[in-house]
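Student: Can you read through this structure? Questions will come right after.
The values are calculated or read from the model by the stated rules, or taken from the named source; none is laboratory data. Please read all numbers here as calculations on a predicted model, not as lab measurements. All Cβ positions, even for glycine, are placed from backbone atoms using ideal geometry, and neighbour counts span all protein chains on display. Accessible surface is based on the protein model in full, side chains and every heavy atom, while ligands, DNA and RNA are left aside. Shrake-Rupley method; radii C 1.70, N 1.55, O 1.52, S 1.80 Å.
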Amino acid sequence: MAPRTLGITSRRFPRKLLFIAFLILVPIGMIVISNHSKKISYFFRPLWDNPPTPFKRLPHFYAENVSMEHLCKLHGWSIRSQPRRVFDGIIFNNELDILEIRCRELNPYITKFVILESNTTFTGIPKPLFFSSNQDRFAFTEGKIVHGLFPGRIASLGSPGNAFVLESEQRKAMNGLLHYAGISDDDLLIMSDTDEIPSPHTVKLLQWCDGIPPILHLELRNYLYSFEFPVDYSSWRATVHIYNPGTLYRHSRQSDLILSEAGWHCSFCFRHLHEFVFKMTAYSHADRVRRREFLKYSRIQKLICSGDDLFDMLPEEYTFKELIKKMGSIPHSGSAVHLPAYLIENADKFRFLLPGGCLRE
C-alpha cells in the first residue's frame with residue numbers, strides 16, 4: 001500500500017502547487033492590468049480600432065522672395081486684388097509664452113485675435129484668468145484683441161464633470177464672441193488651440209488667394225515640451241474656414257482636405273514645472289494622471305529632458321509597425337531651423353523652447 005499512497009501524493013502535489021500559483025498570480029495579474037490598463041489597451045489598438053479615412057494632402061509651395069501671384073498659381077488658385085480679413089479664434093487656458101509667440105508671429109496678418117478663457121478648467125477646477133491679468137504683455141497688438149470670459153462650472157467633490165462636455169460648451173461660446181468681434185462672410189477664420197500655430201506664410205497665402213477650399217485642415221509639425229523634440233506631422237485639428245452664416249467653431253474633423261506642413265503644434269511647451277502640473281490636471285485627458293507621483297516636479301523634469309511621456313502612455317497608432325516605431329523616448333533634435341521668427345529673435349527669453357534648454361523653472 002505504501003507505494004500506492006506515494007503515487008497518490010505525487011499526483012496531488014502538482015495540483016496543490018497549481019492552486020497556490022493561481023491564488024498568487026491572479027491578484028498580481030489583476031493589479032498589473034488595473035495599473036496599466038490604458039497602456040495595454042493602446043498596445044492592442046491595431047486590433048480593436050480602425051484608422052480614420054486618410055486626408056487628401058494638398059501640396060504646399062513656399063520660398064522666400066517668390067511673389068504671391070506665383071505662389072497662388074502653383075496651388076491652382078488666383079491672386080486677389082485685396083487680402084481677406086483674418087480672425088484668429090483661440091480657446092485659451094494658461095499658455096502665455098506660446099500665446100505671445102503666436103500673436104507676435106501672426107500679428108501682421110490678423111484682423112482680430114478672438115480669445116476666450118474661462119474661470120474653470122475643462123475638468124471643472126477653478127482657475128485664475130491668466131490672460132486677463134497679463135493683457136499688458138499683448139499691448140503690441142494695438143487693439144486687435146477681443147477677449148471674452150466664459151463662466152465655467154465647478155465640478156462637485158467626488159463627481160467631476162465631463163471634461164469633453166465642458167470643452168464643447170466653451171467652443172460653442174466662441175461663436176457668439178466671433179460675432180461680437182465683427183466677423184462677416186468671406187472673412188478667413190482660424191480655428192485652433194493656442195499651441196497650434198499656423199505659419200505666417202500659410203496665413204498670408206490663404207488670405208491672398210482666391211479659389212481656396214472653404215474648409216481646410218492644416219498639417220502642423222508636432223513637438224513635445226519644446227522644439228527640441230519633433231514627433232511627427234500627425235497634428236490635423238487646426239482648420240481655416242472661409243466664414244459663412246453656417247460656420248461653427250469646432251476642433252474636430254470637418255473636411256477631407258489638409259494643407260501640408262502649415263505650421264507648428266508645440267504641446268506641453270511650458271516655462272515652469274507648475275504649469276505642467278496644472279495642464280495635466282486641467283485638460284480633457286486629465287484621467288491619464290493615474291497616480292499622484294505623476295505630478296512630482298522631479299519626475300516631470302526628468303521626463304522633459306529625456307523626451308518621455310508624462311503619462312507613461314504608448315503612442316496612439318493604428319498599426320503595430322507605427323506603434324513599435326514610435327515607442328520609447330523622442331529623439332533630441334539640434335535643429336532650430338524653420339521655427340517661428342519671433343522665437344529665434346528672442347532666443348534668450350525663450351531658451352526653454354530651443355535645443356539644449358530642457359531644464360525648467
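Residues are listed down the side, and each one gets a yes or a no for (1) charged (D, E, K, R); (2) more than 17 Å from the chain's Cα centre (by Cα):
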{"residue": "Y243", "(1), (2)": "no, yes"}
{"residue": "C266", "(1), (2)": "no, no"}
{"residue": "F278", "(1), (2)": "no, no"}
{"residue": "D287", "(1), (2)": "yes, no"}
{"residue": "L310", "(1), (2)": "no, no"}
{"residue": "Y342", "(1), (2)": "no, yes"}
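Student: If you don't mind, another one. Can you give me the number of residues within segment 198-255 that are in contact with a Leu (Cβ under 6 Å, 6 or more places away or on another chain) and over 28 Å from L343 (Cβ atoms)?
Tutor: Final tally of qualifying residues: 2.
Student: Counting only residues that are open to solvent by 10 Å² or more (accessible area, probe 1.4 Å), of a type outside the set (D, E, K, R) and in contact (Cβ under 8 Å) with a residue 40 or more places away in the chain, how many does segment 198-222 have?
Tutor: To start, the set of residues in segment 198-222 that are open to solvent by 10 Å² or more (accessible area, probe 1.4 Å) comprises 200-201, 204, 207-208, 210-215, 219, 221-222.
Retained after the next criterion (residues that are of a type outside the set (D, E, K, R)): 200-201, 207-208, 211-215, 222.
Restricting the remaining residues to those that are in contact (Cβ under 8 Å) with a residue 40 or more places away in the chain gives 200-201, 207-208, 211-213, 215, 222.
Result for segment 198-222: 9.
Student: Then there is this: Would you point out the residue of segment 260-308, among those that are of a type in the set (G, A, S) and either modelled with pLDDT under 95 or in contact with a Leu (Cβ under 8 Å, 6 or more places away or on another chain) (or both), that is nearest to L58 (Cα to Cα)?
Tutor: Quick first cut of segment 260-308, residues of a type in the set (G, A, S) only: 260, 262-263, 267, 282, 284, 286, 298, 306-307.
Imposing the further condition that a residue be either modelled with pLDDT under 95 or in contact with a Leu (Cβ under 8 Å, 6 or more places away or on another chain) (or both) reduces the set to 260, 262-263, 267, 282, 284, 286, 307.
Working: S260: 6, A262: 11, G263: 14, S267: 24, A282: 35, S284: 31, A286: 34, G307: 31 Å.
So, considering only residues that are of a type in the set (G, A, S) and either modelled with pLDDT under 95 or in contact with a Leu (Cβ under 8 Å, 6 or more places away or on another chain) (or both), the one nearest to L58 (Cα to Cα) is S260.
Student: Name the residues in segment 235-244 that are over 28 Å from H272 (Cα atoms) and not in a loop (DSSP other than H, G, I, E, B), would you? Talk me through it step by step, then tell me what you get.
Tutor: Taking segment 235-244 and keeping what is over 28 Å from H272 (Cα atoms), we get 239-244.
Once the filter is applied, which keeps residues that are over 28 Å from H272 (Cα atoms) and not in a loop (DSSP other than H, G, I, E, B), segment 235-244 yields T239, V240, H241, I242.
Student: So, of the residues in segment 233-256 that are farther than 24 Å from L178 by Cα, open to solvent by 30 Å² or more (accessible area, probe 1.4 Å) and not aromatic (F, W, Y), which turns out to be modelled with the lowest pLDDT? Walk me through how you get there before you give the answer.
Tutor: As a first pass, look at segment 233-256 and keep what is farther than 24 Å from L178 by Cα: 233-235, 256.
Narrowing the set further to residues that are open to solvent by 30 Å² or more (accessible area, probe 1.4 Å) leaves 233-234, 256.
Next cut, not aromatic (F, W, Y) only: 234, 256.
Numbers: S234: 93, D256: 98.
Going through the qualifying residues, I end up with S234.
Student: If we scan segment 220-234, do we find a residue that is of a type in the set (V, I, T), more than 30 Å from G307 (Cα to Cα) and not in a helix (DSSP H, G or I)? Working first, answer last.
Tutor: Of the residues in segment 220-234, the ones of a type in the set (V, I, T) are 231.
After this cut, where a residue has to be more than 30 Å from G307 (Cα to Cα) as well, the list is none.
Looking through segment 220-234, none of the residues is of a type in the set (V, I, T), more than 30 Å from G307 (Cα to Cα) and not in a helix (DSSP H, G or I).
Student: Among the aromatic types (F, W, Y) and either surrounded by 15 or more Cβ atoms within 10 Å (Cβ to Cβ) or not in a helix (DSSP H, G or I) (or both): which single residue out of F140, F130, F164 fits that description? Give the derivation first.
Tutor: Working: F140 fails: either surrounded by 15 or more Cβ atoms within 10 Å (Cβ to Cβ) or not in a helix (DSSP H, G or I) (or both); F164 fails: either surrounded by 15 or more Cβ atoms within 10 Å (Cβ to Cβ) or not in a helix (DSSP H, G or I) (or both).
Sole residue among the options that is among the aromatic types (F, W, Y) and either surrounded by 15 or more Cβ atoms within 10 Å (Cβ to Cβ) or not in a helix (DSSP H, G or I) (or both): F130.
Student: Looking only at segment 63-109, filter to residues that are of a type in the set (F, W, Y) and out of contact with any Pro (no Cβ under 8 Å at 6 or more places or on another chain); which one of those is surrounded by the most Cβ atoms within 10 Å (Cβ to Cβ)?
Tutor: Taking segment 63-109 as the starting set, the residues that turn out to be of a type in the set (F, W, Y) are 77, 87, 92, 109.
Subset that is out of contact with any Pro (no Cβ under 8 Å at 6 or more places or on another chain): 77, 87, 92.
Numbers: W77: 17, F87: 23, F92: 21.
Among those that are of a type in the set (F, W, Y) and out of contact with any Pro (no Cβ under 8 Å at 6 or more places or on another chain), it is F87.
Student: Would you check which residues across segment 291-317 are open to solvent by 70 Å² or more (accessible area, probe 1.4 Å) and either part of a loop (DSSP other than H, G, I, E, B) or under 17 Å from F229 (Cα atoms) (or both) and list them?
Tutor: Filtering segment 291-317 down to residues open to solvent by 70 Å² or more (accessible area, probe 1.4 Å) leaves 291-293, 296-298, 302, 316.
Correct list: R291, K296, K302, E316.
Student: Return the residues of segment 56-83 that are over 14 Å from P213 (Cα atoms) and in a loop (DSSP other than H, G, I, E, B); say none if nothing qualifies.
Tutor: Answer for segment 56-83, where residues must be over 14 Å from P213 (Cα atoms) and in a loop (DSSP other than H, G, I, E, B): F61, Y62, A63, E64, N65, V66, S67, R80, S81, Q82, P83.
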